[in-house]
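Just so it is clear, none of the values below were taken in a lab; they were calculated from the coordinates. Small disclaimer: the values here were computed from a predicted structure and weren't measured. Heads up, the Cβs are rebuilt from the backbone with ideal geometry, glycines too, and the neighbour counts pull from every protein chain shown.
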Amino acid sequence: MSIPGMDQLSQRDQMQVVQALNEMQMQDMMNMYNTLVERCFNECVTSFRTKGLEGHEEQCVTRCVQKFMSFSQRVSLRFQEKQQQMQLQKPA
């Protein structure tokens, strides 16, 4: 991925920008994971009588995770498509 203006920065500044972007990406991934866990737990776990999940809870969690991941993947693909369209529309 090429970031506009990066070639004008010193190598040290480029490394700092890349590091900051990596940290932001990691934070986004952690936020997505936490959202997934909270949403699926609240939706699916209904009983605290046993240490493990009951059968219907486990099935619910599996469906919830699959839906969430499918949705996230679809959004990511649409975002990539939109970025490509924007790149093609840039004046040369």
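Against the main long axis of the alpha-carbon atoms of the chain, helix 11-44 sits at an angle near 20°. For the chain, a simple Cβ point-charge model (Lys and Arg +1, Asp and Glu -1, everything else neutral) yields a dipole of about 240 debye relative to the Cα centre. In region 8-89, with Lys and Arg counted as +1 and Asp and Glu as -1 at Cβ, which of these residues, GLN89, GLN73, ASN42, has the Cα nearest the positive end of the dipole, that is, farthest along it? Checking the options against the dipole of region 8-89, the answer is GLN89. Note on region 8-89: Cα-only Rg and Dmax are 19.1, 61 Å.
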